[in-house]
1. In Å and on Cα atoms, what radius of gyration and Dmax does region 54-123 show?
2. Using helices alone, I'd like the mean residue ellipticity at 222 nm for the chain: each DSSP H run of four-plus residues gives -39500 (n - 2.57), total over residue count, nearest 500.
3. Out of the DSSP beta bridges found with both residues in the chain, what percent are antiparallel (nearest 5)?
4. Give me the percent relative contact order of the chain, please, defined on Cα pairs under 8 angstrom at least 6 residues apart.
5. Name the residue, out of Ala120, Ala20, Ala104, whose mean-square fluctuation peaks in a Gaussian network model built on the chain with Cα pairs under 10 Å.
6. Quick one: among Glu90, Glu68, Glu106, which has the greatest mean-square fluctuation in a GNM of the chain with alpha-carbon springs under 10 angstrom?
7. How far is helix 121-142 tilted, in degrees, relative to the longest principal axis of the Cα atoms in the chain, given as a value from 0 to 90 rounded to the nearest 10?
8. Run the 1.4 Å probe and let me know the accessible area of Asp131, rounded to the nearest 10 Å².
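The values are calculated or read from the model by the stated rules, or taken from the named source; none is laboratory data. Since we're looking at a predicted model, the values are computed, not measured. Cβ atoms come from the backbone with ideal geometry, glycine included; neighbour counts cover every protein chain shown. Note: accessible area is taken over every heavy atom of the protein model, side chains too, but ligands, DNA and RNA are not part of it. Shrake-Rupley method; radii C 1.70, N 1.55, O 1.52, S 1.80 Å.
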Amino acid sequence: MPLLRLRPIILSVIVMVLLALAWLPTGEFAPGDRTNKPQLYVSYEAATTPELDDVIFDVQQRIEQRHEWRIVEQPAAYAWQLTVRVEVAEQLVINGRLATPQAASEQRFKVQGPPAAQGALPEQFVKVLIDLVENGETARAGL
């Protein structure tokens, strides 16, 4: 008789264990397959002055705070690769070189303006970067 009283509890525990096992991933996933977000590896070329270091730091912070992609620590075949370089001559220039995953293509872009606009240029740079990555991901998904 006591076994009949425990029967619903035993059945519910069995069902919960089966649901937990069904929820677990199976097989080996490549790191690029673990997320739907584009993954981005960013490298920064060294600046020559403290002011340019500040601009690079601003760009770095803006990129890391975005939710559109995941930042990876090492370059990988599944990740977009971005190289950022900041120069100043007559104007402040933020250059970007963006390579698609598997290095199928590379795009170069830049944002420039007067040195007094150094606060707005990193924001514009990241907006252009977001557009390039989103358009690239859309084109890759459509193939």
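1. Here Rg and the maximum Cα pair distance are 13.2, 38 Å.
2. -14000 deg cm²/dmol
3. Here the share of antiparallel DSSP bridges comes out near 70 percent.
4. With pairs under 8 Å counted, the relative contact order is 19 percent.
5. Evaluated over the chain, the most mobile residue of the options is Ala20.
6. Evaluated over the chain, the most mobile residue of the options is Glu90.
7. Its long axis makes an angle of about 50 degrees.
8. Only protein atoms counted, so the area is about 80 Å².
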